[in-house]
Amino acid sequence: MKPIVRTMLFVLFSTYAAGAVITLNPSITYQTMTGWETMFGYDLELGALADEILDQAANDLGINRVRLEIRAGVENDTDYWSLYRTGQVPYQTWRSHRYANVNDNSDPDVINQDGFHFPEMDLTIDTYILALKQRVEARGGNFYINLCYVAFTSQNAAGTQYIHDDPDEYAEFMLATFNHLQSKYDWVPDGLEIILEPDNVSQWNGTTVGNAIVKTMTKLQANGYSPDIIAPSNTHMGNAISYFDQLVQVPGAAQYMTEFSYHRYGGASDTNLQTIVNRAVQYGINTSMLEWWLSGNGYRTLHKDLKMGRNSAWQQGGIVAYAPVGQWGQLALYVLDNSDPKDPVFTIGERTKFTRQYYKFIRLGAVRIEATSDSSTFAPLGFINSNGKYVVVVKADAGGAFSIEGLPRGEYGIKYTTSSEYNRDLPDQSIGSGESLTTGIPESGVLTVYQKCEAADGGLYDLNNDRAINFGDLAVLVYYWTDCVCLEPYWCDCTDFNQNGGVDFYDFAKLAANWLTAPMIPPGPASNPNPADGATGVSRTADLNWTAGRGATSHDVYFGTSSPPPFIRKTRPLQHLTPAQWLKLLRTTGVSMRSMSGAQPPVKSGTSRLRGQGRAK
């Protein structure tokens, strides 16, 4: 009976207004997304399923960032990894030397290439990272490589040495690594994570991190490299704050910082998370949670890190864990079962089923916007992707119905995952300007509403949202021409008009036909007025603002005591009246706005009329 009950329940959700209301305000923005990160474990063997797993990670999950680890022991006169790999030394010998150094020479400004050994890192790149990079780029995406330095020196054998706490030697090591990657692969990392978990390395503190940043960036930039700098990546969130405060005291270090990174193995509190956000805002940098591979992690943590923590990047775990999954494999994206070597099987991880509701739809370059709920049961996150499409992810603590206000006109897909249903699709909904979308979920879980490629009124072919079909749209189509793999839900930023998996002459012909015949699409109405419709007790010095209608070049403001109120003024810029201008409007009994499209002033239908109580004297 359960499936029948759920079907009937969702008929009710789509037929009747929801009690809970989620409201979007795109005029308030937060972080811009830079990546969903994963990593490839040492000695990982995906075997015959490698292609299928990588396809799923890139094209279904939307993974677009990888942690590429490099061990401190790369700088050594002996290549212990290759000796271990070929069976010439036992594992314990390899383990006790993989973070130990032998200096290439006594001059950190002169690199002796024979003193560095990269085969372990290269094997990971050649086997998996290049393949994942190709898949992400094939669908028109950008692939972010985060080079992460690892030095768990407590494993080092007695009598070995470690030199990378000297910032000049660390900088030389990084330049040698960048030169190697440039020479062999013709690319260099996008980001440099200075050190993994420095609070687990006795030779490092926040000042050491700051000195390493300054010396390394000075040397890298002198050689034409300028990666993002990611730090401090402590295990303990409280330590991350203290290390960050130390590193920014090093002269010049703060100017190079791009991303305040932290792990969640200790000190995981709202107070510490808010302090991290405060530091990031103070220094104008991003935040990222880049490791917590234990059972407490999952979509609830992701939701908090995105909302409260304002994360731009987030890592769930490694690409694969082997079945049966142990303590450190619970956050892997997929589970690989090799119990039958002739028939290996991989499945999506249980936690990934829920986090996929975020990864798949919130893409690189997405900007988080204000999203509020009048119910604590439904916690929303709102994003606008770089292609202009809206995404709303709702963390539901219980089943129920709700509506979403502030979405632009268009067609929306709806998908949810709960403990009993994975990847469940609900019927698409089309809404007009100012209309709300009503949906729901049968039990606790995650529901995603995502804007689809628009087919009405010629909007499908207006690829750059400028209300006209012209050379700008042709440029977008050419970007994806023939080389891209187009997949749902965004179909190469909607350039694959017939959704056949690629951009080709059919799509060019459709654009050309509409270029010649499609009328100019009228601008959309203003929306999301502030103060809100029906607000009372509005201050006389409050700003009056709203979200500009799509494609509008100006708005008319109507104000007065009659209904509809008389025309007052045309606004430029589009969406703001200062307190002085507001005071000139005399009495606050009725305000409405319209886009310059020739339409009559709107009435109360969700399309942008403001009304207020109170007086301005």
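The values are calculated or read from the model by the stated rules, or taken from the named source; none is laboratory data. Source: prediction; values computed, not measured. Because the Cβ atoms are built from the backbone with ideal geometry, glycine has one as well, and the counts that use them run over all protein chains shown. Side chains included, ligands, DNA and RNA excluded: accessible areas come from the protein's heavy atoms. Shrake-Rupley method; radii C 1.70, N 1.55, O 1.52, S 1.80 Å.
Please determine, by comparing only the residues of the stretch 354-382 that are open to solvent by 20 Å² or more (accessible area, probe 1.4 Å) and charged (D, E, K, R), which one is farthest from Thr29 (Cα to Cα).
Start the filter on the stretch 354-382 by keeping residues that are open to solvent by 20 Å² or more (accessible area, probe 1.4 Å), which leaves 354, 363-365, 367, 370, 372-377, 379.
With charged (D, E, K, R) added as a condition, the list becomes 363, 370, 374.
Values: Arg363: 16, Glu370: 6, Asp374: 20 Å.
My answer is Asp374.
Look through Ala398, Ala379 and report the one residue that is farther than 28 Å from Asp473 by Cα, assigned to a loop (DSSP other than H, G, I, E, B) and not aromatic (Phe, Trp, Tyr). It would help to see each step written out before you state the result.
Details: Ala379 fails: assigned to a loop (DSSP other than H, G, I, E, B).
None of the other options fit; the residue is Ala398.
The C-beta contact set for the stretch 506-531 (first residue on the phi > 0 side of the Ramachandran plot and in a strand (DSSP E or B), second residue open to solvent by less than 50 Å² (accessible area, probe 1.4 Å) and modelled with pLDDT of 60 or more, distance under 9 angstrom, 6+ apart or interchain) comprises Asn528/Leu24; Asn528/Asn25; Asn528/Pro26; Asn528/Gly406; Asn528/Asn545; Asn528/Trp546; Asn528/Thr547. The listed residues are Asp199, Asp168, and the only one of them that is part of a helix (DSSP H, G or I), touching a His at 6+ places or on another chain (Cβ under 7 Å), open to solvent by 10 Å² or more (accessible area, probe 1.4 Å) and touching a residue at least 40 places away in the same chain (Cβ under 8 Å) turns out to be Asp199. With the requirement that a residue be open to solvent by less than 10 Å² (accessible area, probe 1.4 Å) and not in a strand (DSSP E or B), what does the stretch 65-75 give you? Scanning the stretch 65-75 gives a single hit, Ala72.
Can you pull out the residues in the stretch 383-409 that are buried (at least 22 other Cβ atoms within 10 Å of the Cβ), within 30 Å of Gly140 (Cα to Cα) and of a type in the set (Gly, Ala, Ser)? The one that is buried (at least 22 other Cβ atoms within 10 Å of the Cβ), within 30 Å of Gly140 (Cα to Cα) and of a type in the set (Gly, Ala, Ser): Gly406.
Restricting to the stretch 116-165, and then to whatever is modelled with pLDDT of 95 or more and among the small types (Gly, Ala, Ser), can you tell me which residue is farthest from Ser96 (Cα to Cα)? Applying the filter and picking the extreme gives Ala131.
Residues of the stretch 415-431 include none that is under 27 Å from Asp473 (Cα atoms), open to solvent by 20 Å² or more (accessible area, probe 1.4 Å), of a type outside the set (A, V, I, L, M) and assigned to a loop (DSSP other than H, G, I, E, B). Hey, can you tell me all the residues within the stretch 263-302 that are modelled with pLDDT of 95 or more, hydroxyl-bearing (Ser, Thr, Tyr) and either open to solvent by 30 Å² or more (accessible area, probe 1.4 Å) or more than 21 Å from Thr352 (Cα to Cα) (or both)? Correct list: Tyr265, Ser269, Thr271, Thr275, Tyr283, Thr287. When Ser183 is tested against the conditions (1) under 21 Å from the mean Cα position of the chain (by Cα); (2) assigned to a helix (DSSP H, G or I), the lone failure is (1). In the stretch 97-116 there is at least one residue that is in contact with a Lys or Arg (Cβ under 8 Å, 6 or more places away or on another chain), within 14 Å of Phe173 (Cβ to Cβ) and not hydrophobic (A, V, I, L, M, F, W, C).
Could you check the stretch 136-165 and list, in sequence order, the residues that are open to solvent by 40 Å² or more (accessible area, probe 1.4 Å), under 23 Å from the mean Cα position of the chain (by Cα) and within 22 Å of Ile230 (Cα to Cα)?
Let us first name the residues in the stretch 136-165 that are open to solvent by 40 Å² or more (accessible area, probe 1.4 Å), namely 137, 139, 142, 152, 154, 158-161, 165.
Cutting the leftovers down to under 23 Å from the mean Cα position of the chain (by Cα) gives us 137, 139, 142.
Residue satisfying the conditions is Asn142 alone.
Please verify whether Gly318 is under 17 Å from Cys148 (Cβ atoms), in contact with a Ser or Thr (Cβ under 7 Å, 6 or more places away or on another chain) and open to solvent by 10 Å² or more (accessible area, probe 1.4 Å), treating the condition exactly as stated. Yes. Glu370 - would you say it is within 17 Å of Val21 (Cβ to Cβ) and outside any strand (DSSP E or B)? So Glu370 fails the test.
Counting only strands (runs of 3 or more DSSP E) that sit wholly inside the stretch 240-343, those with at least 3 residues that are without any contact (Cβ under 8 Å) to a residue 60 or more places away in the chain and of a type outside the set (A, V, I, L, M) are 257-266.
Residues that are at pLDDT 50 or above and of a type in the set (D, E, K, R) within the stretch 1-43 comprise Glu37, Asp43, listed in sequence order. Residues in the stretch 479-486 include none that are of a type outside the set (Ser, Thr, Tyr), over 24 Å from the mean Cα position of the chain (by Cα) and open to solvent by less than 60 Å² (accessible area, probe 1.4 Å). Residues of the stretch 435-450 that are open to solvent by 10 Å² or more (accessible area, probe 1.4 Å) and of a type outside the set (Gly, Ala, Ser): Glu435, Thr438, Pro442, Glu443, Tyr450. Pick out the one residue from Leu331, Leu336, Leu306 that is touching a Pro at 6+ places or on another chain (Cβ under 8 Å) and buried (at least 16 other Cβ atoms within 10 Å of the Cβ). Sole residue among the options that is touching a Pro at 6+ places or on another chain (Cβ under 8 Å) and buried (at least 16 other Cβ atoms within 10 Å of the Cβ): Leu336.
Output the residue which, of all residues in the stretch 494-535 that are polar (S, T, N, Q) and modelled with pLDDT under 75, is farthest from Ser27 (Cα to Cα). Among residues in the stretch 494-535 that are polar (S, T, N, Q) and modelled with pLDDT under 75, the one farthest from Ser27 (Cα to Cα) is Thr517.
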